[in-house]
1. So which residues in the stretch 277-335 are over 23 Å from G167 (Cα atoms) and charged (D, E, K, R), if there are any at all?
2. Kindly indicate which of P201, P246, P221, P189 is under 23 Å from L114 (Cα atoms), assigned to a loop (DSSP other than H, G, I, E, B) and at pLDDT 60 or above.
3. Filter the stretch 273-290 down to the residues that are crowded, with 22+ Cβ neighbours inside 10 Å and in a strand (DSSP E or B) and list them by number.
4. Kindly indicate which of L156, L114, L141 is touching a Cys at 6+ places or on another chain (Cβ under 8 Å) and buried (at least 16 other Cβ atoms within 10 Å of the Cβ).
Amino acid sequence: MAPHSRIPTHVITGFLGSGKSSLIRELIAQKPEGERWAILVNEFGQVGIDQAMFEDKPEQGRYEGEVHVEAMAGGCLCCQLSIVLRATLIRLVTRYRPDRLIIEPSGLGHPSGLVEVLQDEHFSEVLELNDILALLDPRRLDDPRSRDHETFRDQLALADALVITMGDLATEEQRQYVDEWVARRWPAPRWVAWAEHGRLPISRLLEGAGRHDEGHSQALPQPTSHRMAAAVETAPPMVFMEEAAPAPGKGISSHGSALGYITLGLRWHPSERFDLDRLSLYLSALPGECRIKAVMHTDIGWRLYNRGTGPSTLAASSWRRDSRLEIIWPQETHLDPEEVTAGIEAQRLGRA
């Protein structure tokens, strides 16, 4: 890359559980050797689970020192964390000097605020905003709670390109309908790709990327809920995750609400172990609209747990800093955070 060229910047958006983190992990596995990437991940909840997921990618060992992951948790970067976002971008660009920047907003994040920051006079001479990608799970179009959600609609409307994910979990009718739905879009997406099992060819970023169409974002102001959230004083991100280290024998919990959703974050000392079968059974019994991510020390080792809009998945994990779990659910789903915390604590075995 020429020393004074702008940094190609890719925003990968999509509603809760659309597979953004999985897709970015697959892109990391295809990264050109020698190219330095910075990845900025925004998580709506208080605990940074995605950071643990990225650090677990086996292929990343080949790129040691070439992929830097920065996490911003505790709110939406387009409104609640907008001031911190600017400071984080400056730090990433000046300290890490990446050849490519990938930004993953929260699944509840409205992208217009983020685009406004990236295109203002402070960053437009440094960052080149390429195609904004919106990930779409075909099953969401069958769910009125998603289909009618303003942020869901605006994420798709602002995008330059659409990436269809979770196709293997959709019915043939849902797959056919999403094709018909895309064909009716106006203006039409610049391109559409099916990412089976989260795999998108990296050529879409390296070769097929175009400049973001500014007309999309200018036509979509932030919804009232996000403007109100921006007006509320917000604590710096990651305070709960990084500064308050859990002591042995007692977990740390935090819960809150914003933008129509409840978040519950939990952390435990790394020596604390959980019964994996019992924990999985408890989590699977929670309402289907709960978004759950965790990295846990269990009786059979460290495991990543992930449940979006489909079946839960488990994978081995190399994370050892602590056990951490995040649950996000709509406010109309009546769950008591303290009861859920007690239910999870009941699956704890004690220290290893």
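The values are calculated or read from the model by the stated rules, or taken from the named source; none is laboratory data. All values derive from a computational prediction rather than experimental measurement. Cβ: placed from backbone, ideal geometry, glycine included. Neighbour counts: every protein chain shown.
1. Of everything in the stretch 277-335, those that are over 23 Å from G167 (Cα atoms) and charged (D, E, K, R) turn out to be D277, R278, D299, R303, R320, R321, D322, R324, E326, E332.
2. Values: P201 fails: under 23 Å from L114 (Cα atoms); P246 fails: under 23 Å from L114 (Cα atoms); P221 fails: at pLDDT 60 or above.
Answer to the selection: P189.
3. If the condition is that a residue be crowded, with 22+ Cβ neighbours inside 10 Å and in a strand (DSSP E or B), then F274 is the only one that fits.
4. Values: L156 fails: touching a Cys at 6+ places or on another chain (Cβ under 8 Å); L141 fails: touching a Cys at 6+ places or on another chain (Cβ under 8 Å).
So the residue among L156, L114, L141 that is touching a Cys at 6+ places or on another chain (Cβ under 8 Å) and buried (at least 16 other Cβ atoms within 10 Å of the Cβ) is L114.
For every residue, the table says whether it meets (1) touching a strand residue (DSSP E or B) at 6+ places or on another chain (Cβ under 7 Å); (2) surrounded by fewer than 16 Cβ atoms within 10 Å (Cβ to Cβ); (3) of a type in the set (K, R).
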| residue | (1), (2), (3) |
| --- | --- |
| A294 | yes, no, no |
| T298 | yes, no, no |
| S312 | yes, yes, no |
| A315 | yes, yes, no |
| T333 | no, yes, no |
